[in-house]
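Beneath this line is the structure, given in C-alpha cells, with notes to follow.
Throughout, read-outs are computed from the coordinates displayed, never taken from laboratory work. This is a predicted model, so every value here is computed, not measured. Glycine also receives a Cβ, built like all others from the backbone with ideal geometry; neighbour counts cover every protein chain displayed.
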Amino acid sequence: MVSLLVTEAIKEKYPQDTIYGEEEARTEGSSGFTWVLDPIDGTQALGMLPTSTICLARINNEGSPVFSVVFNPTTKELFYSDKEASYVNGEKMKVSDKKDIKGSYIYLGSRMNSPFASNGSIYNSIEELGGKVFNIRSLAYSCAMVAFGKAEGAYIGVNTPFEAASIKLLVENAGGKITDLEGKEVKRFDTEINGLIASNGIKSIHEQLVSFVSLKTK
Amino acid sequence: MKNPDLEFTKQLLLDIGSKASEALTKPYETK
C-alpha cells in the first residue's frame, strides 16, 4: 500500500524521473534523477517496536542523494536532510561527540554478506570493548539515531541501497561519517552497494567499526 | 530558501505515513 501510494504520487509530479523501490519493479525515466524508496524499513519490527520507517531519497545522475526523508509513523519523527543540514521535526541534528567504543551504542541489524565477519563476531568485538549492541530491525532508523546523536554507530549489511540512500545525507550533514563495510567511499546510491557503516565521525570509532567487520569468524 | 521538491517529499511521507499508521502500528498478532 505504502509503496503504491508513494510511487503513484512521484509518477504524477515527476513523470520523467526513475523510480527504484524495494517492492515495485524499477521504472526508468529520462530526467537523470532517481527516487530510491523503501516503503517499510523494518518490516519485522511492525507492531513489536516503534521503529519502522518510510524512506525516500532523490538521487542525481552522479548517484548522489540531493535530499532525503525518513518518516517514522509511530513516533511521528520526520527526519530529513538537504544539502547543508539534517533535521528531525524541524530541529537541527548533531552527532554525539563520544570518542570511544566503550559506552557507545552501536546498531547491528541485517546479517553481513560474505566475506565479512558474522554478526556474532561483530557483536562480541563491540561488547568486549564495553560498547552496547542493539538490533531494532530498522536499518534507516538505526542510522537516523546516529545522526540524532543517540548512538555512535550503525551497520547496514545488505547490498541494496533502499535504506542507505536516505541516510547518507542525514548522517553526514549532522557531522557523521558514511563508508561501505570496507571503509571505502560509497559512490552511488542508485544501485547495489557494499553495505554501509554510519558513525559519529570520530576517526577511532569509525575505524574500529570497519575493523570489526573484517574479522573473519574462526 | 526552502527546496520545493524536499517540501513535497516531506509532506508526501507525512500524508502517506498518517494513512498507513494504523497498519504500521497495529499490535503484533501471533500466527
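Please check which bits of the range A:114-129 a label hung off A:S211 would reach, taking the label as a point 7 Å along Cα-to-C-beta and the cut-off as backbone N under 16 Å.
A:117, A:122-129
Strictly over 28 Å apart at the Cα level, which of A:K168/B:K10; A:K132/B:K10; A:K102/B:K2; A:K11/A:K94; A:K76/A:K102 would you flag in this model? Please report the intermediate quantities before stating the final value.
Details: A:K168/B:K10 17 Å; A:K132/B:K10 32 Å; A:K102/B:K2 40 Å; A:K11/A:K94 34 Å; A:K76/A:K102 31 Å.
Exceeds cut-off: A:K132/B:K10; A:K102/B:K2; A:K11/A:K94; A:K76/A:K102.
If you average 1/r across every pair of different Cα atoms in the protein assembly as shown and take the reciprocal, what Kirkwood value do you get, in Å?
For the protein assembly as shown, the Kirkwood estimate is 17.9 Å.
Can you pull out the GluC sites (Glu not before Pro) in the range A:50-139 whose DSSP state is coil and whose Cβ has at most 16 other Cβ atoms within 10 Å?
Of the GluC sites (Glu not before Pro), the ones in loops of the range A:50-139 whose Cβ has at most 16 other Cβ atoms within 10 Å are A:E62, A:E84.
Roughly what would the spin-label model give for A:K187 and A:N159, points 7 Å off Cα along C-beta, in nm?
1.7
Rounded to whole Hz and in sequence order, give me ³J(HN,Hα) for the range A:199-210 from the Karplus expression 6.51 cos²θ - 1.76 cosθ + 1.60, θ = phi - 60°, writing x for Gly and Pro.
9, 6, x, 5, 4, 5, 5, 4, 5, 5, 4, 5
Taking the Cα-to-Cβ direction at A:S204 and at A:D100 and moving 7 Å from each Cα, how far apart do the two end points lie in nm?
That separation, rounded to one decimal, is 0.7 nm.
How large is ³J(HN,Hα), in whole Hz, for each residue of the range A:123-139 in order, when computed from phi with the Karplus curve 6.51 cos²θ - 1.76 cosθ + 1.60 and θ = phi - 60°, using x for Gly and Pro?
Per-residue couplings from phi come out as 4, 4, 4, 5, 5, 5, 8, x, x, 10, 9, 10, 9, 10, 6, 9, 5 Hz.
Which trypsin sites (Lys or Arg not before Pro) in the range A:162-207 pass both tests, a DSSP loop state and at most 13 other beta-carbon atoms within 10 Å? Walk me through the numbers before you get to the answer.
Details: sites: A:K168, A:K177, A:K184, A:K187, A:R188, A:K203; in loops: A:K184, A:K187, A:R188.
For trypsin sites (Lys or Arg not before Pro) across the range A:162-207 that sit outside H, G, I, E and B with at most 13 neighbouring Cβ atoms in 10 Å, the list reads A:K184, A:K187.
Apply the Karplus curve 6.51 cos²θ - 1.76 cosθ + 1.60, θ = phi - 60°, to the phi angles in the range A:57-72 and return the couplings in whole Hz, x for Gly and Pro.
Computed from phi, the couplings for the range A:57-72 are 9, 9, 10, 8, 6, 8, x, 9, x, 8, 7, 8, 9, 10, 10, 9 Hz.
Be a star and scan the range A:47-84 for residues whose amide nitrogen sits under 19 Å from the point 7 Å along the Cα-to-Cβ vector of A:Q16.
Within reach of a label on A:Q16: A:58-64, A:66-67.
Taking Cα atoms of the range A:2-92, Rg/Rh with Kirkwood Rh, to two decimals?
With Rg and the Kirkwood Rh in hand, the quotient comes to 0.99.
How much length is gained on full extension from A:S64 to A:N89, taking 0.36 nm per residue of separation minus their Cα-Cα distance?
Details: separation 25, 0.36 × 25 = 9.00 nm, distance 2.36 nm.
Length gained between A:S64 and A:N89: 6.6 nm.
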